[in-house]
Amino acid sequence: MVDTNGWFEVHKDFFEALKINGRFTRLFKLFETKFKKYVYDLGTGKIFICSEFEYKILKSLFDNNCLHSSLFSEIDETMFKDCLDNLTQIITKENLFQAYPLTGYSSSHGDFNLTKEVISRGLEQITLELTERCNLRCKYCIYSDEYELYRNFSPNDMTWEIAHASIDYAIKHSSENLTVTFYGGEPLLQFDLLKKCVEYISTIKGTKIIIYSMTTNMTLITKEIADYLSERQMFSVICSLDGPEEINDENRISITGDGSFS
C-alpha cells in the first residue's frame, strides 16, 4: 500500500515530535484485559480505550520508537488514516504523551530489587475515585472548566467490580497498615458503594489495621450517613468550608450557580 496523499508522513512527523530523548517509553504504557485494550498516559494519569489497530500503532511507537510503515500491510488505507487521525486528535486535545524523561533512579532503600520488594509488599494507601460526578461546581476545583489540562466532571461512576479488584490488590500488597481514601467527584453520591467497600474490607483485612478517609463537600450528609460514619473506627472526614456565606457562595456554587452555604 502506498500513501498517495502524504498523510502518513504528516502523522509520522507528528509522532516523531513527541519523542523525548529518542524514547517513547516514558510517555505511555499499554495494557489489555480479556475484552479491551488500553493506553495509560504517564504525564496526566489518564487511561483510554483503544481499538485493535490503534493499539498496534501505539505498540509500534513503543517497540520501534517510530511509526513503522509495515503497518500498511495490516489494514485498509482509509481505516489506517482514520485511526491516526483519531489518535492525533486525542493526543492534542488531552495533552497526552508529554511526560518528562526519567533521568535517574534513587531510593532510600538502596538496592533496586529491595525497592521492588517494598513496592510489592509495602503499599500504604489506596484512593478509590468512586465517581466523576459532583453536585457542586466550585470555581477553584481542578475538575472545573477553568483547568483545561484536567478531566472535567462526567457521569462516570466506579463499578463494584473495579472497587473489588482494587481492594483485593491493596490488601495483598500492603503492609500491616493501610489507608483507604474515598474520593470523587463527590463520593457521597456513591454512598452505597462506599459502604460496600468498607464492609468487604472488614471481611478480608485479617489482622491489618485499616484507616479510612473521605474527601467530601458535606452537602449530602444525612442522619443515616452521619450515624454510619460516626460508628466506624478510624474513619476521618475531610471537608472544605470557605468562611461566612458571602465568601463561601462566591466560589462554592451548585450546578445551577446557586450558593451552597445553607
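The values are calculated or read from the model by the stated rules, or taken from the named source; none is laboratory data. Small disclaimer: the values here were computed from a predicted structure and weren't measured. Note that we place each Cβ from the backbone using ideal geometry, even for glycine, and neighbour counts take in every protein chain shown.
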### Query
at pLDDT 95 or above, closer than 18 Å to Ile225 by Cα, among the polar types (S, T, N, Q) and surrounded by 16 or more Cβ atoms within 10 Å (Cβ to Cβ): does that describe Thr131?
yes
### Message
From the list Tyr228, Tyr200, Tyr183, exactly one residue is out of contact with any strand residue (DSSP E or B) (no Cβ under 8 Å at 6 or more places or on another chain), closer than 30 Å to Glu117 by Cβ and either touching a residue at least 24 places away in the same chain (Cβ under 8 Å) or of a type in the set (Lys, Arg) (or both). Which is it?
### Response
Tyr200
### Message
Regarding the stretch 60-74, can at least one residue be identified that is free of Cβ contacts under 8 Å to residues at least 24 places away in the same chain and in contact with a strand residue (DSSP E or B) (Cβ under 8 Å, 6 or more places away or on another chain)?
### Response
no
### Query
Is there a residue being assigned to a strand (DSSP E or B) and either under 27 Å from Asn152 (Cβ atoms) or not assigned by TED's automatic domain parsing to the domain that holds Asn156 (or both) anywhere in the stretch 49-61?
yes
### Task
Answer with yes or no whether Glu186 is among the acidic types (Asp, Glu) and surrounded by 14 or more Cβ atoms within 10 Å (Cβ to Cβ).
yes
### Message
Can you name every one of the helices (runs of 4 or more DSSP H) wholly within the stretch 147-262 that holds 3 or more residues which are within 30 Å of Thr44 (Cα to Cα) and under 20 Å from the mean Cα position of the chain (by Cα)?
### Response
160-173, 191-204
### Message
Against the conditions (1) crowded, with 16+ Cβ neighbours inside 10 Å; (2) touching a residue at least 60 places away in the same chain (Cβ under 8 Å); (3) assigned by TED's automatic domain parsing to the domain that holds Glu132, where does Ser260 fall short? Just the number, please.
### Response
(3)
### Index of the failed condition, Thr78 passing every other in (1) loosely packed, with under 13 Cβ neighbours inside 10 Å; (2) in contact (Cβ under 8 Å) with a residue 60 or more places away in the chain; (3) not basic (Lys, Arg)
(2)
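Of the residues Tyr169, Tyr105, which is outside the structural domain of Val39 (by TED's automatic domain parsing), aromatic (Phe, Trp, Tyr), at pLDDT 75 or above and out of contact with any Gly (no Cβ under 7 Å at 6 or more places or on another chain)?
One residue alone meets the criteria, Tyr169.
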### Query
Only one of these conditions is not met by Asn177: (1) touching a residue at least 40 places away in the same chain (Cβ under 8 Å); (2) closer than 14 Å to Thr127 by Cα. Which number is it?
(2)
